[in-house]
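What follows draws every value from the coordinates through simple rules; no lab data is involved. All of these numbers come straight from a predicted model, not from anything done at the bench. Here the Cβ positions follow ideal geometry from the backbone for every residue, glycine too, while neighbour counts run over all protein chains shown.
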Amino acid sequence: MSFKYVIEHMEDNLHEWCILEYCHISTFIPTSNLYFTNLSKAAESTLLDIKTLQGANFFTDHIIDLNLKKDKICLLDPSAKDILKPEDGNYFEYFLFGGILGDDPPRDRTCELRKHGFKTRSLGDLQMTTDTAINVTKRVIEDKVAIDQIPYIDFPEIKLSTKESVVMPFRYIALSHPNKSTLQTTTDELKLNLVPLLPEGMIELLKKDGDMAFEF
Ligand code: SAM
């Protein structure tokens, strides 16, 4: 079965952060399996022009108006009581995510999707960015990896300059082999040669946005 990943865009604007995350998703999910819903006309038009997103499915409709079979949809919800398991791929075809920029503390905006009564699954207690949540879901459902077997880094501190660093208040997938010239963490993970899997361009955007980054 080819699984579909639905991102219900829930921000008023299409912030640069959203674009970087959405482009990042297309590096590990074929665009034909990506559905972006609830887009404004302007956001749809911007995304349609992005080369790496060619072939993705864009809708101004809300997920609920696409008339998909509700029992085939799984909402990834941090407050769900059941953890996502590889067997969930036997029941669900669509995995639904809030296209929400992470915030600290988390504001539970995923509740806007929960109210429609979708079945829900959690990826654990810690907040992930939307691209990370989709990557973890893909690894569990398609690659059949148990969620606790995926390497993570929690709340990595990323150096932006010799004086400045920023703590990303999220759980990320961990990568080994850091390219220390572009990314340095100051956390213990560095000792293990682990770095967070971030969208391309995110470090540059962090440098530009600085401390305002999580004050949406
Ligand atoms: N603070 C946010 C909120 O208001 O709900 C969390 C948003 S998170 C940045 C974006 C989306 O990723 C969520 O709507 C959810 O679909 C998914 N997600 C992130 N972390 C998750 C987790 N631990 N379990 C399940 N889904 C998660």
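Brief remarks follow.
Yes/no per residue for (1) touching a His at 6+ places or on another chain (Cβ under 9 Å); (2) not aromatic (Phe, Trp, Tyr):
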{"site": "Tyr5", "(1), (2)": "no, no"}
{"site": "His15", "(1), (2)": "no, yes"}
{"site": "Glu21", "(1), (2)": "no, yes"}
{"site": "Ile25", "(1), (2)": "no, yes"}
{"site": "Pro30", "(1), (2)": "no, yes"}
{"site": "Leu39", "(1), (2)": "yes, yes"}
{"site": "Ala42", "(1), (2)": "no, yes"}
{"site": "Leu66", "(1), (2)": "no, yes"}
{"site": "Lys69", "(1), (2)": "no, yes"}
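- In summary, strands (runs of 3 or more DSSP E) completely within the stretch 122-178 and bearing 1 or more residues that are among the acidic types (Asp, Glu) and within 16 Å of the ligand (Cβ to nearest atom) occur at 152-154.
- Counting the residues of the stretch 117-155 that are basic (Lys, Arg) and farther than 16 Å from Asp82 by Cα gives 3.
- Among the residues listed as Glu112, Glu93, the single one being over 26 Å from Leu194 (Cα atoms), touching a residue at least 60 places away in the same chain (Cβ under 8 Å), within 11 Å of the ligand (Cβ to nearest atom) and charged (D, E, K, R): Glu112
- Pick from the stretch 104-134, criterion out of contact with any Leu (no Cβ under 9 Å at 6 or more places or on another chain) and basic (Lys, Arg), ranking: surrounded by the fewest Cβ atoms within 10 Å (Cβ to Cβ): Lys115
- Close pairs from the stretch 19-36: first closer than 13 Å to Leu198 by Cα, partner acidic (Asp, Glu) and surrounded by fewer than 18 Cβ atoms within 10 Å (Cβ to Cβ), Cβ under 9 Å, at least 6 apart: Leu20/Glu200; Cys23/Glu200; His24/Glu200; Thr27/Glu200
- Positions within the stretch 65-90 being farther than 25 Å from Asn13 by Cα, more than 8 Å from the ligand (Cβ to nearest atom) and aliphatic (A, V, I, L, M), in sequence order: Leu68, Ile73, Ile83
- Figure legend. Inter-residue proximity from the stretch 120-132: first residues touching a residue at least 40 places away in the same chain (Cβ under 8 Å) and of a type outside the set (S, T, N, Q), second residues near the ligand (Cβ under 7 Å from one of its atoms) and in a helix (DSSP H, G or I), beta-carbon distance below 8 Å, spacing 6+ or different chains. Indicated pairs: Leu123/Ala133.
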